[in-house]
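Working notes, structure below.
The values are calculated or read from the model by the stated rules, or taken from the named source; none is laboratory data. This is a predicted model, so every value here is computed, not measured. So basically every Cβ, Gly included, is an ideal-geometry build from the backbone, and we count neighbours across all protein chains shown. These area figures cover heavy atoms from the full protein model, side chains too; ligands, DNA and RNA do not enter into them. Shrake-Rupley method; radii C 1.70, N 1.55, O 1.52, S 1.80 Å.
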Amino acid sequence: GRRAGELAEAFGVEALDQDALLARSDIGAVVVATPVPTHRPIAEAAARAGKHVLVEKPMTNTRADADAMVAAADAADVRLAICSQHRYRGAPMAAKAAIDGGRIGSIRMIRIFGPNAGWDIPADHWNSQRAQVSPYMDWGAHACDIVRWLTGAEATLAFAQFASYTDIPPEDQSSMATYTLDNGVLVQIWLTYELPPPTLGSAMQLLIAGSDGIIELDSYGTVRLATPAGGWETIF
């Protein structure tokens, strides 16, 4: 709240505390873009006030907090959603359409690569504090969400290793995670902020192997599809 007055003046809006904001009848939905541990109490308060709630990812730090947020929304009969913008980008939507259209058969394996040369958030920012969020929670929330969306499945087994190759905060800027989904799909997620320049493309790259074809998806770029009969084809 320290910058609220200045921001309000700059944008020509009112600066209100949470209770005053939620009491307004002309507000139907609330966007929660605060540090992660504060998501639950704000979302619960918004739901009790009858407001729909859009929460920044990652949703929370714990399963208990997530369940409580869902319960609050259900009790108040309001919508609760988490920011998952990759579901609405053109490239992932094209890949999803190809999968749903049966162009690669049934999905068998997915590999996601997030190559970055350096952490792009100041060391004194709340997002660099492990008590608030970890690099994998921050970026992995997108990777895990897009896997669930593309496959329609949930994880039944998870294994991950984390490492820090520099003394620059935050900890664990490199990770390799493996998941098994309830439909048998195998998933590998490799995230790192510790590559030397130049990077190896965008921060969300997927290889999706199916029974009848393969999709190469750059969430920020092109989508290519390969089938035994037709070779590689750019579909987006």
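A few notes on this one:
- Mean residue ellipticity (222 nm) of the chain, computed from DSSP H runs ≥ 4 via -39,500 (n - 2.57), nearest 500: -8500 deg cm²/dmol
- Using equal-weight Cα scatterers in the Debye expression, the normalised intensity of the stretch 86-187 in log10 at q = 0.15, 0.18 Å⁻¹ is -0.72, -0.94.
- Spin-label pair A8-E233: with each label point 7 Å from Cα along the Cα-Cβ axis, the two points sit 5.7 nm from one another.
- Dipole of the chain, positive direction: furthest Cα of A123, P37, A226, with charges on the beta-carbon: A226
- For the chain, the Cβ-based charge dipole about the Cα centre amounts to some 540 debye (Lys, Arg positive; Asp, Glu negative; other atoms uncharged).
- Per residue, in Å², the accessible surface of the chain once ligands and nucleic acids are set aside, probe 1.4 Å: 55
- Nearest-10 value in Å² for the accessible area of L207, using the 1.4 Å probe: 60
- Extension gain for the segment L54 to D124, taken as residue separation times 0.36 nm less the Cα-Cα distance, is 22.6 nm to one decimal.
- Extension gain, D74 to D26, is 15.1 nm, computed as 0.36 nm per intervening residue step minus the present C-alpha separation.
- Computed from the Cβ-Cβ distance with R0 of 30 Å, the FRET efficiency linking D19 to D67 stands at 0.75.
- The listed residues Y165, Y220, Y193 rank as Y165, Y220, Y193 when sorted by accessible area, largest first, using a 1.4 Å probe.
- Seen against the Cα atoms of the chain and their longest principal axis, helix 135-151 is set at about 60 degrees.
- Cα coordinate range in the chain, projected on the principal axes (Å, largest first): 62, 44, 36
- Whole-percent carbon and sulfur share, accessible surface of the stretch 23-167, 1.4 Å: 53
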